[in-house]
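The values are calculated or read from the model by the stated rules, or taken from the named source; none is laboratory data. Since the model is a prediction, treat every value here as computed from it, not as a measurement. Cβ sites come from the backbone with ideal geometry, for glycine too, and all protein chains shown count toward neighbours. With ligands, DNA and RNA removed, areas are computed over all heavy atoms of the protein, side chains included. Shrake-Rupley method; radii C 1.70, N 1.55, O 1.52, S 1.80 Å.
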Amino acid sequence: MPSTAASKRFLQVYDALPPDAQQLLIQRHLAPLLDIVPKDRQRRLSESAAAMHRRYARMPSLNLKAKKAEIAALLVELSRDSKRSLIKERSRRDQLLSEGVDSLATWLNDIWKVVFEFRTNFAIAHACLLFACEALDQIANGCTGQVAF
């Protein structure tokens with residue numbers, strides 16, 4: 001189906017909108033148009049949407065905010081542990097470092113799946129990779145009690 005001038009213009013405007021505005025445009029203006037198109041087109045569109053839903057349903061979530069909170073908490077615990085170890089002469093440092101590295105390694109696998117297997121969310125994946133580098137740097141260089149995320 002070749003694009004018409006109207007559809008090209010629409011796609012240019014749509015691509016320039018922020019994600020929330022794109023969602024609003026679809027909900028308020030495009031979805032209601034489905035009620036007036038022929039039934040066979042409605043069925044094909046619904047089947048396409050269901051197929052996309054099935055494909056992306058198993059895609060891992062790249063929740064950067066949650067990962068930042070998790071790593072920040074780990075770094076704070078590492079800092080507390082280093083202070084406690086001076087008093088109690090017992091440290092959980094190795095366990096905490098292992099948890100942090102394992103968490104980031106698992107997350108890197110999820111980032112890889114999203115980018116390579118699902119071919120989507122490139123900007124989010126890039127931000128996640130930058131954060132993973134920063135987090136590994138802070139873990140490797142030790143935490144001073146100040147988390148810079």
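Points to keep in mind about this one:
- Whole-number accessible area per residue in Å² for segment 32-149, which is evaluated in the context of all protein chains at 1.4 Å: 70 Å²
- Only lysines eight or more places from Lys39 in sequence, or on another chain, were considered; those with a Cα closer than 26 Å are Lys8.
- Bridging of Lys113 to aspartates and glutamates at a Cα separation below 18 Å is possible for Asp102, once same-chain residues fewer than 8 apart are set aside.
- With every protein chain in place, the chain: carbon and sulfur % of accessible area (1.4 Å): 58 percent
- A Cβ-based charge dipole, computed about the Cα centre of segment 1-83 with Lys and Arg at +1 and Asp and Glu at -1, lands at about 160 debye.
- Placing unit charges on the Cβ atoms of the charged side chains and taking the dipole of segment 69-149 about its Cα centre, the candidate lying farthest along the positive direction among Ile71, Cys128, Ser82 is Ser82.
- Of the complete DSSP H runs in the chain, those spanning 18 angstrom or more by Cα along the long axis with a mean Kyte-Doolittle score not below 1.0 are 122-140.
- Restriction of the GluC sites (Glu not before Pro) in segment 1-102 to DSSP coil positions whose beta-carbon has at most 16 other beta-carbons within 10 angstrom yields Glu89.
- Dipole magnitude of segment 71-139, debye to nearest 20 (Cβ charges: Lys/Arg +1, Asp/Glu -1, about Cα centre): 280 debye
- Counting heavy atoms of the protein chains alone, Ile124 has an accessible area of about 80 Å² for a 1.4 Å probe.
- Label assignment, Rg/Rh (Cα atoms, Kirkwood Rh) derived from the structure, set (i) 1.19; (ii) 1.09; (iii) 0.94: (i)
- Each Lys and Arg adds +1 at its Cβ and each Asp and Glu adds -1 at its Cβ; summed about the Cα centre, the chain shows a dipole of about 420 debye.
- Loop-located trypsin sites (Lys or Arg not before Pro) in segment 1-91 whose Cβ has at most 10 other Cβ within 10 Å (DSSP): Arg58, Arg90
- Calculated FRET efficiency for the pair Asn109/Ala49, C-beta based, R₀ 35 Å, to 0.05: 0.80
- Candidates Leu34, Leu25, Leu108: whichever shows maximal mean-square fluctuation once the chain is modelled as a Gaussian network with Cα springs under 10 Å: Leu25
- On full extension, the segment bounded by Lys83 and Ala21 gains 17.4 nm, given 0.36 nm per residue less the C-alpha separation.
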